[in-house]
Amino acid sequence: GVYCLRRARGRRDGTVVLQGSDVGYAFVERTLPRLREKGVELEAYYIASAELFDLLPAEERERIYPETAAQEAMGITGFTLATMERWVCSGRGRAMTLHPFRQGRFLGSGPADRVLEEAGLDGESQFKAILRYLDKPAR
């Protein structure tokens, strides 16, 4: 139910939790390559099913997604902010979390890439938000 998409190599700059195939694909295809170019070392987790994750013993859940990760993580979700509260536990991480309703309105409809862009969930928006979370310039 929870998968580690990427482990940091050496130092860890931060943790990002992704929920929803739309933001997951944008992250893997667009965001992650840009982060690598910049030398950013992230732990990235993908949430597929909280229910499946809950079926695991507590020790296994802690091994897969440690409490320390939840305390430092920011999230990116195609769902609502409330669905991230379990995975992103700090106030700062929640404030930095991207979700479709950040702008206080419902999104339009259309091609997926355009809707992601309108929501600020596309690869470029993710890249910039992660750099803000890490307090790094976007150059």
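Remark on Val88: its backbone amide H falls under 5 Å from none of the residues 5 or more positions apart or on other chains, H modelled at 1.01 Å from N.
Each listed q (0.15, 0.16, 0.24 Å⁻¹) maps to a log10 I(q)/I(0) for the stretch 28-139 from the Debye sum over equal C-alpha point scatterers, namely -0.72, -0.82, -1.44. Scan around Gly75 for amide H atoms under 5 Å from its own, H built in the peptide plane at 1.01 Å from N, and keep only partners 5 or more places away or cross-chain. Correct list: Val17, Thr97, Leu98.
Near Arg6, the amide H atoms lying under 5 Å from its own belong to Ala44; only residues 5 or more places off or on other chains count, and H is placed 1.01 Å from N. Relative to the current alpha-carbon distance between Glu124 and Ala58, full extension at 0.36 nm per residue lengthens the span by 20.2 nm. Considering only alpha-carbon pairs that sit under 8 angstrom and 6 or more positions apart, the relative contact order computed for the stretch 1-113 is 30 percent. Under the convention that each Lys and Arg Cβ holds +1 and each Asp and Glu Cβ holds -1, the size of the dipole of the stretch 74-133 around its Cα centre is about 300 debye. Give me the percent of DSSP beta bridges within the stretch 9-129 that run antiparallel, rounded to the nearest 5. Counting DSSP beta bridges with both partners in the stretch 9-129, the antiparallel share is about 0 percent. Using the Cβ-Cβ distance between Val28 and Ala112 with R0 set to 25 Å, the FRET efficiency works out to roughly 0.95. For the stretch 33-39, backbone phi angles converted through the Karplus equation (6.51, -1.76, 1.60; θ = phi - 60°) give residue-by-residue couplings of x, 5, 5, 4, 4, 7, x Hz, Gly and Pro being listed as x.
None of the figures in this text is laboratory data; all of them are computed from the coordinates on show. The structure presented is a predicted model; accordingly, all values stated were derived computationally and were not measured. Neighbour counts are summed over all protein chains in view; Cβ atoms, including those assigned to glycine, are modelled from backbone coordinates with ideal geometry.
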